[in-house]
1. Of all residues in segment 266-321, which are acidic (Asp, Glu) and without any contact (Cβ under 8 Å) to a residue 12 or more places away in the chain?
2. Restricting segment 130-169 to residues that are in contact with a strand residue (DSSP E or B) (Cβ under 7 Å, 6 or more places away or on another chain) and of a type in the set (Gly, Ala, Ser), which is farthest from residue 52 (Cα to Cα)?
3. Could you look through segment 269-278, keep only residues that are within 21 Å of residue 185 (Cα to Cα) and surrounded by fewer than 19 Cβ atoms within 10 Å (Cβ to Cβ), and pick out the one that is nearest to the chain's Cα centre (by Cα)?
4. Filter segment 85-100 for residues that are surrounded by 10 or more Cβ atoms within 10 Å (Cβ to Cβ) and within 26 Å of residue 327 (Cα to Cα); which is modelled with the lowest pLDDT?
5. Going by what's in this entry, would residue 188 be described as in a helix (DSSP H, G or I), surrounded by 23 or more Cβ atoms within 10 Å (Cβ to Cβ) and of a type in the set (Gly, Ala, Ser)?
6. If you go through segment 51-77 one residue at a time, how many are part of a loop (DSSP other than H, G, I, E, B) and of a type outside the set (Gly, Ala, Ser)?
7. Name the single residue that is nearest to residue 307 (Cα to Cα) among those in segment 216-236 being part of a helix (DSSP H, G or I) and at pLDDT 70 or above.
8. Does segment 126-185 hold any residues that are at positive phi and loosely packed, with under 15 Cβ neighbours inside 10 Å, and which are they?
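The values are calculated or read from the model by the stated rules, or taken from the named source; none is laboratory data. Computed from a predicted structure; not experimentally measured. Methodologically, a virtual Cβ is constructed for each residue, glycine included, from the backbone with ideal geometry; neighbour enumeration extends over all protein chains shown.
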Amino acid sequence: MSATVPVPATPENLAAAVMQEALALPHSPGVWARAWTRLRTDRVGMVSLVIVVLFMVLVLLAQAGVVGAQWQSEVSEPFAPPTIIGADARELAEIEAPRPPNVDLSDVDPLAPRYAEIDARAAKIKTVVQAKATTLPLGGDRIGRDVLGKAIKGAQVSILVGISAALLATLIGTVLGALGGYFGGRLGDFLEWVYNVFTSVPYILLIFALAAVFKSGPLAKSFIATGIAPVVVILGAVGWTGIYRLVRAEYIKHRNREYVRAAEAIGASHASRMFTHILPNVSHVVLVQLSLLVVGFIKAEVILSFLGLGVPIDMVSWGTMLAESQTELVLGKWWQLAAATAFMATFVTAFALLTDALRDALDPKLR
């Protein structure tokens, strides 16, 4: 039998042995891997995730012009009802205007030779009018535009406004709250002063002031004042205060805990401790606030569009659809209101449930 040759105890061999033992040890999953495992066991969360993903795909397709691009086209009769209801019962009786006798009136009436041409043009116009649809899947609006196309295009605008503004407000509030709660001192006092200034001004007045800057102020002709950018900036600049207060409190609570001290002991920087170690442990607070901001900002877009401070008049959103449906309800035309409400309620509910599921998956107290 061959004897085992002993390996010299050199530093290189010791390091290799330690590395092999470390690789042989079982590795615990990371924070996000464990969160995904928990989320997959939540049926409500997974269904909500599928709905949110479908809406996001719809937004991307609308942004690319694949769907909803022809929402401004008059494809039906005014107030065409939904297909499930059927076309309105109308008596299509043609009333013929009295015509002069079939005699030559060219000496008396100089327009007599043009009568045949006028009749031909009227027949063409009548053919075009009759070619428009009498029903649509979700009905038509007052000028014959497809409500389904408007709802899809409105989903693109409203979701982009809500999510973009919520992400902007969450980014501002999280960064400022992390700085104020982690460092404290004069920086924390200064950020508290900024927070108190924003919260001391009434919410609606602050929105009007920022809207005036974008509508007629020095930024009126800038790139940021075009499209949905003004609404996103206004809502993001106003809505960061709530998440700032909560994140600051969480950072004050976590900055002196053992795992942060251990990260400091191994030489982790302030940025690493703030955003690599502490932020995952307070991410459930950030996600809940993000969900609330998305829901709130979609509602705020409705109000701003109703007041003329929201999206431009050449764009459509769920807010403009709800504003248009007010006059339509007087006439008994309810389908535009129903379509906008159904789209908005489905997305908002699914997004809120998904965020609750993510909060439960990321909450360190539930691990």
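1. Step one: filter segment 266-321 for residues acidic (Asp, Glu), giving 301, 314.
Correct list: 314 only.
2. Across segment 130-169, the extreme among qualifying residues is 133.
3. Quick first cut of segment 269-278, residues within 21 Å of residue 185 (Cα to Cα) only: 269-275, 278.
Now drop any that are not surrounded by fewer than 19 Cβ atoms within 10 Å (Cβ to Cβ), which leaves 269-272, 275.
Working: 269: 35, 270: 33, 271: 30, 272: 31, 275: 26 Å.
Checked segment 269-278; the qualifying residue nearest to the chain's Cα centre (by Cα) is 275.
4. Kept after step one, since they are surrounded by 10 or more Cβ atoms within 10 Å (Cβ to Cβ), are these residues of segment 85-100: 85-88, 100.
Going one step further and asking which of them are within 26 Å of residue 327 (Cα to Cα), we end up with 85-88.
Details: 85: 83, 86: 78, 87: 76, 88: 68.
For segment 85-100, the residue satisfying everything is 88.
5. Values: in a helix (DSSP H, G or I): yes; surrounded by 23 or more Cβ atoms within 10 Å (Cβ to Cβ): no; of a type in the set (Gly, Ala, Ser): yes.
For residue 188, the condition - in a helix (DSSP H, G or I), surrounded by 23 or more Cβ atoms within 10 Å (Cβ to Cβ) and of a type in the set (Gly, Ala, Ser) - is not met.
6. Let us first name the residues in segment 51-77 that are part of a loop (DSSP other than H, G, I, E, B), namely 64-73, 75, 77.
Checking which are of a type outside the set (Gly, Ala, Ser) leaves us with 66-67, 70-72, 75, 77.
The qualifying residues number 7.
7. 231
8. In the first step, residues of segment 126-185 are kept if they are at positive phi; the result is 139, 144, 184-185.
Scanning segment 126-185 gives a single hit, 185.
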